[in-house]
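Enquirer: Let me begin by handing over the structure; questions about it come next.
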Amino acid sequence: MRSTERRAGMKPIDPNRIKAIVMDLDGTLLDEHNQITPQTARALIKLEKRGVHLILASGRSYPRLMDYAGQLEMKKYGGYLLEVDGLAIYELASGRRVKEKMMRPEEIQELISFLLKQNIETQAVYDDGLFVHFSPSMFERKKELRKELNLPDTYPWTAGPWSLLNDMRNGYSTQEYFHSLRGITRPVNKLQLMQEKDRIEPVYQALMDHFKDQYTIYRTTPSQLEVLPKGVSKGSALSKLMKEKGWDRDQVLVFGDGENDVSMFDAVDHSFAMSNAAPFIRKQASAIAGDHNQDGIVQALKENGFDL
């Protein structure tokens, strides 16, 4: 039984022409436990040994990507990181990192003032740390959740893409709380906004109404939004890398599940939305891969002629 659905008119994939495979992490390469399954890791390393470059394209910055890159031996085989939704490109073999731009505190004053009035968690993120603020009602919900999950008192209060409590200290070693713009004391890469699914949509609509011309705004998971400097996208970073490497549109495969992946779908001929992606994301891809919890990337590759 095929797990991959192909759009009418999708060009056939020639596995021998593929130079690179680009993968989002959360909801795409990683399963629900934030792990790369052994089957997926084995298959991807097999492709690297044949000369295919792996590219991790994520909202995360490099400290939270290096462990996954290591599991896939990407430094050895010439892999790349498209970090912070395309804000930076990291060439693992050489260690060369090119960063586009950051947001200075004075540039986001109006936006932060707006967000502090919302019932959400706001994280102002830089490479290896973040500033965080959450509303009083969110703090009460977090206390309830910590008790329900029997988490220790030392467990961080920060939310993640899928939960209101998530330990990100491995990548963001410095975490400081802020209550006004004065608490953000350095330039940041992006803002991450978290809230439970049914409560975050009105915040997204309000942001689009007031700030869409000033920033790039994405729905990255059902419970997370991201705000970046205007013009930054995974797709623009990927297009830049493809031009530098001389890769054509039909030589790169893209897998993703979030709104911040759609710009990459537009940069290539062969794009796959995971079956767990939202319907409006699946409509943008040229094919639908299986679920991220069921090795969806590997199944799609096998069903499109890759010998794995």
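We did not get these values from a lab; they are worked out from the coordinates using the rules stated. For clarity, every value in this text was computed on a predicted model and none was experimentally measured. Backbone-built Cβ (ideal geometry, glycine too); neighbour counts: all protein chains shown.
Enquirer: Under unit Cβ charges (Lys, Arg +1; Asp, Glu -1), what dipole magnitude, rounded to 20 debye, does the chain have relative to its Cα centre? It would help to have the intermediate numbers written out before the result.
Expert: Numbers: 42 positive and 43 negative charges, 137 e Å.
Dipole size: approximately 660 debye.
Enquirer: Follow-up question, since we're still on this one. Take the chain, connect every pair of alpha-carbon atoms lying under 10 Å apart with a spring to form a Gaussian network, then pick out the residue of 203, 52, 84 with the largest mean-square fluctuation.
Expert: 203
Enquirer: Pull up all non-local amide H partners of residue 53: gap of 5 or more, or a different chain, and H-to-H distance under 5 Å with H placed in the peptide plane.
Expert: Placed amide hydrogens put 20, 21 under 5 Å from residue 53.
Enquirer: In the neighborhood of residue 95, defined by Cβ-to-Cβ distances under 14 Å, what is the net charge if each Lys or Arg adds +1 and each Asp or Glu adds -1? Can you show the working numbers first?
Expert: Working: positive: 75, 76, 96, 97, 99; negative: 83, 91.
Result for the local shell: +3.
Enquirer: What order do you get for 12-18, 258-264, 125-131 when each peptide is scored by the mean count of other beta carbon atoms within 10 Å, highest first?
Expert: The densest-packed peptide leads the list: 258-264, 125-131, 12-18.
Enquirer: Continuing with the same structure: Averaging the inverse of every distinct alpha carbon separation and then flipping it gives the Kirkwood radius. What is it for the chain, in angstrom units? Kindly include the intermediate steps, with their values, before the conclusion.
Expert: Values: mean 1/r = 0.0504 Å⁻¹.
Over the chain, the inverse of the mean reciprocal pair distance is 19.8 Å.
Enquirer: What is the local net charge at residue 169, summed over the other residues whose Cβ is closer than 11 Å to its Cβ (Lys, Arg +1; Asp, Glu -1)? List each step's numbers first, then the result.
Expert: Details: positive: 64; negative: 128, 167.
Net local charge, residue 169 excluded: -1.
Enquirer: Could you compute the net charge surrounding residue 219? Neighbours are other residues with a C-beta less than 10 Å from the C-beta of residue 219; K and R count +1, D and E count -1.
Expert: Values: positive: none; negative: 201, 226, 259.
Net charge in that neighbourhood comes out at -3.
Enquirer: Within a 10 angstrom radius of the beta carbon, how do 114, 265 rank from fewest other beta carbons to most?
Expert: 114, 265
Enquirer: For the range 64-91 and the range 241-287, what is the separation of their Cα centres, given in Å?
Expert: What the calculation gives is 18 Å, centre to centre.
Enquirer: State, in angstrom, two size descriptors of the range 105-229 derived from its alpha carbons: Rg to one decimal place and Dmax to the nearest whole number.
Expert: 13.8, 43
Enquirer: Another question, if that's okay. Quick test of the membrane-span-like rule: which DSSP H helices of the chain reach at least 24 Å along their long axis (C-alpha atoms) with mean Kyte hydropathy at least 0.5?
Expert: Span-like helices in the chain: none at all.
Enquirer: Hey, another quick one. Apply the Karplus parameterisation 6.51 cos²θ - 1.76 cosθ + 1.60, with θ equal to phi minus 60°, to every residue of the range 62-71 and state each ³J(HN,Hα) to the nearest whole Hz, in sequence, with x for glycine and proline.
Expert: Whole-Hz 3J(HN,Hα) from phi for the range 62-71: 4, x, 9, 10, 5, 5, 5, 4, x, 4.
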